[in-house]
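The values are calculated or read from the model by the stated rules, or taken from the named source; none is laboratory data. Since the structure is predicted, the reported quantities are computational estimates derived from the model, not experimental observations. Heads up, the Cβs are rebuilt from the backbone with ideal geometry, glycines too, and the neighbour counts pull from every protein chain shown.
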Amino acid sequence: MNSPDSNSSDSNNSAPSNSISGNSAANDFDPATVAIRSAATVMLIDDRPDLQVLMMERHAATIFAGGMWVFPGGSVDAEDNSEAIHAIVKDRTDHGASQLLNIEKGGLAYYIAAIRESFEEAGILLARHENEGHALSFTDQQRAARFEKYRDQVNDGSEDFIDIVRREDLLLDTADMHYIARWITPEGPPRRFDARFFIARIPKGQIPLHDNRETVHSEWMSPTDILQNFDDKKMNIMSPTLAMVRALSKFSSTEQVIESARANQSDQRVRVIPDTGEIVLPADKGYELAEETIESGWIRLRPLT
């Protein structure tokens with residue numbers, strides 16, 4: 001894999017600076033010239049009663065990751081980085097978000113993209129009522145129906161996400177949403193992404209549902225079950241997603257996960273054992289002899305020591 005900084009040390013400054021997003025050719029292309037798009041994804045977790053994470057199966061016909069099981073996410077749009085939408089974000093500024101992501105500016109757009117994509121793909125909106133302060137809940141049937149319609153309108157382009165948030169007097173809630181990893185897609189496919197990974201508890205009173213467009217199935221699953229299903233070839237999972245599930249498997253509750261994520265631990269550069277394809281971190285067996293040029297990934301999520 002081409003990494004912008006394959007010789008980085010394992011520190012909060014180890015991941016390379018932000019890549020510029022852009023368009024790529026659909027069929028006939030030179031892999032080396034494919035632009036890297038900025039992207040964001042969010043791992044939604046809950047105690048049910050054991051620790052579980054929301055997994056979504058992408059439609060087989062989608063260009064990127066067709067048929068794969070993923071977390072909600074997608075490209076960062078220009079609107080995600082506008083001053084207008086920054087003004088309706090609770091608890092984070094662009095400066096603070098950018099510092100966490102080790103970039104000069106534009107960090108808040110990744111948080112916003114993750115929230116927007118979660119709403120579009122899973123029907124989950126991480127937001128709080130501006131005046132009342134409490135988290136958005138869909139236990140009221142009329143509100144649930146209204147937001148279900150909003151979601152369809154955002155997906156078909158007839159409504160703008162920001163207009164819905166304003167109309168409902170909401171603030172996008174990033175307080176309990178934490179940055180935990182960065183992965184850059186290898187050279188080769190017609191689409192490449194520089195994806196930032198976040199993690200958050202699912203709000204009480206909200207129930208996820210796939211959109212039946214980009215995603216065709218959704219399910220709460222424990223990390224152990226996901227890993228077993230992957231080993232049994234029952235689930236197709238990309239290596240970054242699989243690595244994040246393995247990182248999550250080291251915890252036993254959402255509180256432990258959020259406590260670790262909130263601590264903003266240093267980045268650890270992933271390596272790959274060539275013979276098995278297993279992704280390993282510094283604490284894993286075989287890390288010292290593993291290859292650093294196969295996957296470009298930096299992970300912060302791990303139990304506190």
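Can you tell me which residues in the range 125-163 are in a helix (DSSP H, G or I), over 23 Å from ALA78 (Cβ atoms) and in contact with a Leu (Cβ under 9 Å, 6 or more places away or on another chain)?
Matches in the range 125-163: ARG143, PHE147, GLU148.
Could you identify the single residue in ILE112, ILE226, ILE124 that is among the aliphatic types (A, V, I, L, M) and either over 18 Å from TRP69 (Cα atoms) or out of contact with any helix residue (DSSP H, G or I) (no Cβ under 8 Å at 6 or more places or on another chain) (or both)?
ILE112
Return the total of residues in the range 234-264 being more than 13 Å from ARG302 (Cβ to Cβ) and touching a Pro at 6+ places or on another chain (Cβ under 7 Å).
Counting residues in the range 234-264 that are more than 13 Å from ARG302 (Cβ to Cβ) and touching a Pro at 6+ places or on another chain (Cβ under 7 Å) gives 1.
Filter the range 178-187 down to the residues that are surrounded by 22 or more Cβ atoms within 10 Å (Cβ to Cβ) and at pLDDT below 95, then identify the one that is nearest to ALA84 (Cα to Cα).
It comes out as ILE184.
Tell me which residues, restricted to the range 221-265, are in contact with a Lys or Arg (Cβ under 8 Å, 6 or more places away or on another chain) and hydroxyl-bearing (Ser, Thr, Tyr).
Of the range 221-265, the ones in contact with a Lys or Arg (Cβ under 8 Å, 6 or more places away or on another chain) are 223, 227, 247, 250, 254, 258, 260-261, 264-265.
THR254, SER260, listed by residue number.
Please state which of the following conditions ASP225 fails to meet, knowing it meets all the rest: (1) at pLDDT 95 or above; (2) within 19 Å of the chain's Cα centre (by Cα).
Status for ASP225: all satisfied but (2).
Could you figure out which of (1) surrounded by fewer than 24 Cβ atoms within 10 Å (Cβ to Cβ); (2) in contact (Cβ under 8 Å) with a residue 12 or more places away in the chain; (3) small (Gly, Ala, Ser) isn't true of SER98?
(2)
State which residue is surrounded by the most Cβ atoms within 10 Å (Cβ to Cβ) when the search covers only the range 101-125 and only residues that are under 22 Å from TYR150 (Cβ atoms) and acidic (Asp, Glu).
Going through the qualifying residues, I end up with GLU121.
Hey, among the residues in the range 235-252 that are of a type in the set (Gly, Ala, Ser) and in contact with a strand residue (DSSP E or B) (Cβ under 7 Å, 6 or more places away or on another chain), which one's farthest from THR41 (Cα to Cα)?
Across the range 235-252, the extreme among qualifying residues is SER252.
Residues being modelled with pLDDT of 95 or more, closer than 23 Å to LEU51 by Cα and charged (D, E, K, R): count how many of those fall in the range 257-305.
4
Looking at this structure, is ASP152 farther than 20 Å from SER218 by Cα and among the acidic types (Asp, Glu)?
No.
Among strands (runs of 3 or more DSSP E) lying entirely in the range 36-124, which contain 2 or more residues that are at pLDDT below 95, farther than 21 Å from ILE299 by Cα and more than 11 Å from the chain's Cα centre (by Cα)? Full working, then the answer.
Working: elements: 36-47, 51-58, 73-75.
So the answer is 51-58.
In the set HIS134, HIS86, which member is in contact with a helix residue (DSSP H, G or I) (Cβ under 8 Å, 6 or more places away or on another chain) and either surrounded by fewer than 16 Cβ atoms within 10 Å (Cβ to Cβ) or free of Cβ contacts under 8 Å to residues at least 60 places away in the same chain (or both)?
Going through HIS134, HIS86 in turn, the sole match is HIS86.
Within the range 276-285, restricting attention to residues that are assigned to a loop (DSSP other than H, G, I, E, B) and touching a residue at least 12 places away in the same chain (Cβ under 8 Å), which residue is nearest to LEU304 (Cα to Cα)?
ALA283
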